[in-house]
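FYI, it's all coordinate maths here, none of it is from the lab. Model, not experiment: these values are computed from the prediction. As a convention, Cβ positions derive from the backbone with ideal geometry for all residues, glycine included, and neighbour counts pool all protein chains shown.
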Amino acid sequence: MIRLENVTKRYTTEVVALQDASFEVAKGEFVFLVGPSGSGKSTLLRLINRQERPEEGAVWVAGRNIVDMPSNRIPQLRRNIGNVFQDYKLLLNKTVFENIAFALEVIGKPKHVIEQQVPAVIDLVGLAGKEDRFPDQLSGGEQQRVSIARAFVNRPLILVADEPTGNLDPGTGEGIMRLLDRINGTGTTVVMATHDRRIVDAMRRRVIQLDRGVIVRDQARGVYQ
Amino acid sequence: MISRLRYLFRETGASIRRNPTLSVASVITAAVSLLIFGLTLIIQHGFDNLLAQWEGGVEMIVYVNAGAGEEQRLVIEEALGQQQNVTIEAWSYCDVSCSLADADRLFAGDPVTRGQLNELNIPTQYKVVPLDATQVEILRGLRDRYLELPNVYSVQLAEEQLDLISRLQGFVSTYTTGLWIALMVAASLLIWNTIRTAMFARRREIEVMKLVGATDWFIRVPFMLEGLLQGVAGGAVASIAMWFINGRWTAGVETFPANSGMTALVVVDGYEWRVSIIVIVFGAIIGTIGSGTAASKFLDV
Ligand SMILES: Nc1ncnc2c1ncn2[C@@H]1O[C@H](COP(=O)(O)OP(=O)(O)OP(=O)(O)O)[C@@H](O)[C@H]1O
Ligand SMILES: [Mg+2]
């Protein structure tokens, strides 16, 4: 599903965010990216949806090398990748329903599809009854559920999550993890960057550890360390 | 398709409401520039009325007494024929209906005077194209000779009539053209800036749209529509103002004396409609250029 081949990403000649990184993620896998601050986790996630381009190497997503993908093909790539962020990135002037519907609307989905898929995903993330609330009327955990619902409503092949529990207390974070686990259970590949030792240790999934842009560990059913 | 259109109008409407001051400033600037542009076209057309009689290099007009028949005109045609290829390159006869048509344009702003002319009393014309229009002395000599001929009502030279008018026309067209071009650039830049501001205000939405896979065109089009609407609104305002000003001017010209030389300087033949359409189309163009370049440039906010 995702394959990096000798990928190097430099922001400047001095700042090498990722160096000669290679790994492969199979369809349906759940992968944690761990490592200290500045080790390149977010950079790696941004390479997968072509928010960044590497200087060297190849990035394969769903069978395509996306490094030299023409820009008119990128929207199609991104429709297959859901994104979840630490700060949720919700639109504050839209309700829960509208935030999720927006993701379908702007890729041209017809109204009847929206009216069918949005309530279903709201149910899935456990926000039934709160669809007319605005983000500032929700707790942090609920806001993150909205953002996961928005990322998942189009049934992407891959879900990319950058510290989704970073702003949440441990209990709330666990709820989010159960949700991501369920989404992973539907066959969606999940790649998640995190600093949360407890979560990684509890889930026992594959762990890729970065240190200053270099992959120093790639362990099945790993722990945080 | 319907949901896309609904999305388009909802987003465009929201964007305009979010920043009414900038939108109004854009529309006003567009309107002023387009008004000056439209008035330039109208004034040019007015001058054209004045000059229409002299189209095709005509430098001298011999007016023939009304009612002079073909035989009576033979003397004049003989005199003209003698000069053929000597001083005259070509001459043609403008009969009653042709002369009435000239009068339509010449007295466009003076219906009273025009109303006094009819098939029975209008002088017909011989329009003369000289071999060398710069030889004013020769033309003056010809005029003096033709004035002696029977049935000649009067003889006019372009040189005396047109010198001032063409100079005025050149002056007006140079300066007003400079003015409207500068103002149109300003209007386009203002629309550009309005769209940039609108996109900056909505950068979070744009970021989300890009992440979920909206195409650049999908993101761009509501902003371009907003700019287009501002340009068209400017064009519409300019169009209304132009009708108003043109109407007042035409009413004013009717009160000028018939020999003021200004009676042709009006537009009453439906040309205003064409100018209205041109002005609105130009508004659409400057709106689209301004917003289109902004929407492309600032997609990466
Ligand atoms: N847009 C950028 N321009 C320049 N340098 C950048 C940019 N983004 C990241 N970097 C640098 O690249 C390196 C990797 O950053 P990255 O954000 O990928 O780290 P991270 O592992 O996600 O860190 P954190 O855990 O703090 O989120 C850092 O040294 C960072 O300063
Ligand atoms: Mg990060």
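Observations, loosely collected:
- Per residue of B:218-225, other chain Cβ atoms within 10 Å of the residue Cβ number 1 on average.
- Across the range B:126-163, the residues whose backbone nitrogen lies under 18 Å from the label position 7 Å along the beta-carbon direction of B:Asn65 are B:126, B:145-156.
- Förster-model FRET efficiency, 60 Å R0, A:Arg178 and B:Val24, C-beta, rounded to 0.05: 0.70
- Among the listed pairs A:Lys27/A:Lys111; A:Lys9/B:Lys297; A:Lys27/B:Lys297; A:Lys109/A:Lys130, those with a Cα-Cα distance over 28 Å are A:Lys27/A:Lys111; A:Lys27/B:Lys297.
- Rel. contact order, % - alpha carbon contacts under 8 angstrom, at least six apart, the range A:81-155: 51 percent
- Taking Cβ atoms as reference points and 11 Å as the exclusive limit, the residues near B:Ala294 contribute a net charge of +2, counting Lys and Arg as +1 and Asp and Glu as -1.
- Looking at the protein assembly as shown alone, DSSP beta bridges between its own residues are antiparallel in about 65 percent of cases.
- With one equal scatterer per alpha carbon and no solvent term, the Debye-computed log10 I(q)/I(0) for the range A:81-155 at 0.15, 0.16 1/Å reads -0.41, -0.47.
- For A:Tyr224, residues with placed amide H under 5 Å, excluding near neighbours: A:Asp201
- Using C-alpha pairs below 8 Å separated by at least 6 residues, the relative contact order for chain B is 33 percent.
- For the pair the range B:32-69 / the range B:117-155, the C-alpha centres are spaced 18 Å from each other.
- Applied to the range B:19-26, the Karplus parametrisation 6.51 cos²θ - 1.76 cosθ + 1.60 on θ = phi - 60° returns per-residue 3J(HN,Hα) values of 9, x, 4, 5, 4, 5, 4, 4 Hz, with x for Gly and Pro.
- Contact order normalised by residue count of the range B:52-133, Cα under 8 Å, 6+ apart, percent: 54 percent
- Full-extension gain in nm, B:Thr87 to B:Val281, via 0.36 nm per residue minus C-alpha separation: 65.1 nm
- Selection among B:Leu120, B:Gly69, A:Gln219 by position relative to the dipole of the protein assembly as shown gives A:Gln219 as farthest towards the positive end (Cβ unit charges, Cα centre).
- Couplings 3J(HN,Hα) for the range B:200-211, derived from phi with the Karplus relation 6.51 cos²θ - 1.76 cosθ + 1.60 (θ = phi - 60°), are 5, 4, 10, 5, 5, 4, 5, 4, 4, 4, 5, 5 Hz, where x marks Gly and Pro.
- Backbone amide hydrogens, once placed in the peptide plane, bring A:Asn83 within less than 5 Å of A:Val160, excluding anything fewer than 5 places away on its chain.
- Full-stretch length increase - B:Asp104, B:Arg6 - with 0.36 nm per residue and alpha-carbon distance subtracted: 30.2 nm
- Three semi-axes describe the equivalent ellipsoid of the protein assembly as shown; taken as square roots of 5 times the Cα gyration tensor eigenvalues and ordered largest first, they are 80, 24, 17 Å.
- Amide H contacts for A:Val214 (H built 1.01 Å from N in the peptide plane; partners 5 or more residues away or on another chain; cut-off under 5 Å): A:Gln19.
- Rounded Å value of the spacing that divides the Cα centres of the range A:15-91 and the range B:194-226: 23 Å
- Between B:Arg203 and B:Trp273, the distance separating the two model label sites (each 7 Å from Cα on the Cα→Cβ line) works out to 5.0 nm.
- Residue-wise HN-Hα couplings along the range A:118-123, as the Karplus relation 6.51 cos²θ - 1.76 cosθ + 1.60 with θ = phi - 60° gives them from phi, are 5, x, 5, 6, 4, 4 Hz; Gly and Pro carry x.
- On full extension, the segment bounded by A:Ser139 and A:Asp218 gains 25.0 nm, given 0.36 nm per residue less the C-alpha separation.
- Inter-label distance for A:Ser22 and A:Asn65, nm, one decimal - labels placed 7 Å from Cα along Cα-to-Cβ: 1.4 nm
- Helix-only [θ]222 nm of the protein assembly as shown, DSSP H runs n ≥ 4, -39500 (n - 2.57) each, per residue, nearest 500: -18000 deg cm²/dmol
- Where labels lie 7 Å past Cα in the beta-carbon direction, separation of B:Thr134 and B:Asp300 in nm: 5.9 nm
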